[in-house]
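These notes are about the structure you will find just below.
The values are calculated or read from the model by the stated rules, or taken from the named source; none is laboratory data. Note that the structure is a prediction, hence the values are computed from the model and not measured. We place every Cβ from the backbone using ideal geometry, glycine too, and count neighbours over all the protein chains shown.
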Amino acid sequence: MPKLFIIPILLLACVTGFAQTRLLDSLKAELSRQSDRTQRLKTITAICDDQYSLSTDSLENYALQASELAGELGNKYAASLANHKLAFCMMKRGKADTALLIAETELKKNSVANRDTRDIYFKFSILQAQVSNSKANAAQTITTLYRILGEAELYNDTLATIQSTNGIASVRIQMDQPVEALATLMGTLKYGSNPHFEKAFASLYSNIAMAHNKLGHTDSALLYADKAIRLCRKIGNLTFLSNALSYQSNFFLKKNQLADAEASLREAIEVRKRMNDEATFQNDQVRLANFYLNTGQAAKAVVICEASLSSQLNDVAFLRLQVYDVLAKAYKSLGEDKLYQQTLERIISIKDTVQQDNASSALAEMQTRYEVQKKENTIIQQELDISRKNYLFYGSIGVLLFAVVLALLTFFNYRRREKLKLDLLLQKEKDSAALAVLRAGESERKRIAADLHDNLGAYAASIVSNLEFIQPQLQDEGSQVAMQELRHNSLSIVSQLNDTIWVLNKDSLSLTAISDRVKTFIRRVQPSFPQVQMQVSEDIEVDHLLPPAQAYQLFQIVQEAVNNALRHSGSRNVDILVASRDSWQVLVSDDGSGMDSPSGKSGGGNGLVNMKARAAEAGWNISWLPAGGKGTQVEVSPMTFASDR
């Protein structure tokens, strides 16, 4: 049997999309009842997916309907699917250039990188390989299929991997490389158990059978042909069912099982009839005639050929050539020399006509291609010139802008660095000056403390000591009081000097240190006020440090508040609380008579005014509040603490 009718059909198996014929009939019936355009488009698309069980005319008719509906509904995906079926029809009709043009247009719109359009991309890519194979361009076919295989593996598309692998094996079978084809195909059998891919195996099993047949493994060829037939019956793929039955007929013929061979071939022809594809049916008739001729039944071959020549396709040149070729051999086998000679003359006449038509067609096609290519080259050259000018113009502008930006960045960066250097120098000078002032202040503070201790402190202590030895000559009450006041004032001077020296000798003082100093003060004045209970309480979680000046001001404020409570409030209890957490506060509370106005002057003179002045100088808040219904509470705290409350 000539390869012309077998091998090109193998590559058609690279694309799946079949449905059971019962389902196809059901879809057609459903379509006849539908009026909604969206539902009709969905049903027609499903019918078109059964492309291998439809005649070319029917498929083209449904594809045109789908394309029109998709355009009306704006469904780009469905429009691409319809165009795929139209391109498939063009390929089957021998219009390869039209099919390729449709495929190239759709491939530009449907990217392999886009998951939503990837299946359409692979459909049209494999269609390109099919068209190349139909033009007997094996090199282009194999190149396209390997490109598809690489992309399918890159994007983990198993279906496209199976399809491209099957196509590559089909080309290898055409090139008489059955060993390589079989090795390629066997690697895909691991996907055969997956129902999602079983449609792709309808032709894959047939290709495996063909490879085994070329290697002389007839039993293996029959095994895989049977698998292909059973699978095609299951999924209702008429084209591949007919092909598999034809291959099975060949294999039976090799084993001299003539009855089985004829039965398979006749069933293949019956399956083909169901598709209503007259052109393909004529091919099958030629196959049957060849079968009868090869099995010594030349008379039956003559009957088949004469019936075929009388069909409506008897004006198709290449079909007539095939029929006349078999008919001539049949006449020769029967010894009908005259009829044999007449048939040969008809063959020569048809070939001359075909060659002339082909030559004229080829010349016209080449002339058209030349003119189109010439115009395209002119347009490309013009676009190239424009692009070069644009590149030069925009490139120059880009370089100029880059240079300007670079210069500006360099300038501003230089200015920023210089300003930063200047700021650093100024800050360094400020820090040096501040450090010098601080050191000078510390030095002066320590010097004053030393002078107070060594001079005034010594003299004050001497006065207190000498007063102990002075005995007034007059023992009257006034002299005694004056001497007592003098002794008291001398002790006060020594106490004040000690407090001042205590502060000045420290770089910083903690709240606990100030609290301890207040306790010392309380112990010193307690004997003078035995009727008053005085205590110092601490609630210190964070022991804040205060500079000497602030520590001195705080101690003086507390001391003044205690003196006011002792001398003017008539209180029985005086409580001092030193509290510290995130901030600090000092409370001096008494249970005395209270006060009308915190801004007024007390009996101590300007005591309250001095306390306010000390607090303001240190940056603190000071307030006088009623304490629990009677008495007064003096509160001292930093500004931030007071605002937080």
Give me a count of the residues in region 70-84 that are over 13 Å from A46 (Cβ atoms) and in a helix (DSSP H, G or I). 10
Return a yes/no flag: does region 83-93 have any residue that is at pLDDT 90 or above and under 33 Å from the mean Cα position of the chain (by Cα). yes
Is it true that F412 is exposed (fewer than 10 other Cβ atoms within 10 Å of the Cβ) and either at pLDDT 80 or above or not in a helix (DSSP H, G or I) (or both)? no
What number of residues within region 112-127 satisfy the criterion of being under 21 Å from I168 (Cβ atoms) and in a helix (DSSP H, G or I)? 9
Are any of the residues in region 220-235 modelled with pLDDT under 90 and more than 17 Å from L265 (Cα to Cα)? yes
If the requirement is being touching a His at 6+ places or on another chain (Cβ under 6 Å) and among the small types (G, A, S), which of these qualifies: A152, A221? A221
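Can you spot a residue in region 30-41 that is under 16 Å from N276 (Cβ atoms), among the aliphatic types (A, V, I, L, M), surrounded by 14 or more Cβ atoms within 10 Å (Cβ to Cβ) and at pLDDT below 90? Outline the logic, then answer.
Of region 30-41, the ones under 16 Å from N276 (Cβ atoms) are none.
Looking for residues that are under 16 Å from N276 (Cβ atoms), among the aliphatic types (A, V, I, L, M), surrounded by 14 or more Cβ atoms within 10 Å (Cβ to Cβ) and at pLDDT below 90, one finds none in region 30-41, hence no.
Here is a yes/no grid of residues against (1) in contact with an Asp or Glu (Cβ under 9 Å, 6 or more places away or on another chain); (2) surrounded by fewer than 17 Cβ atoms within 10 Å (Cβ to Cβ):
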site: A152; (1), (2): no, no
site: N166; (1), (2): no, no
site: A169; (1), (2): yes, no
site: D176; (1), (2): no, yes
site: S220; (1), (2): no, no
Got a number for residues in region 304-328 being modelled with pLDDT of 70 or more and either under 60 Å from the mean Cα position of the chain (by Cα) or surrounded by 14 or more Cβ atoms within 10 Å (Cβ to Cβ) (or both)? 13
Within region 101-118, residues under 13 Å from E151 (Cβ atoms), surrounded by 14 or more Cβ atoms within 10 Å (Cβ to Cβ) and either free of Cβ contacts under 8 Å to residues at least 24 places away in the same chain or of a type in the set (F, W, Y) (or both) come out as L107
Show me the helices (runs of 4 or more DSSP H) entirely contained within region 147-244 in which 2 or more residues are more than 28 Å from S55 (Cα to Cα) and hydroxyl-bearing (S, T, Y). 218-235
Applying the selection to region 532-559, what residues are over 24 Å from L608 (Cβ atoms) and in a loop (DSSP other than H, G, I, E, B)? E541, V542, D543, H544, P547
Within region 129-142, work out how many residues are at pLDDT below 90 and either of a type outside the set (A, V, I, L, M, F, W, C) or under 29 Å from N75 (Cα atoms) (or both). 9
Taking only region 503-520 into account, find how many residues are in a helix (DSSP H, G or I) and at pLDDT 65 or above. 10
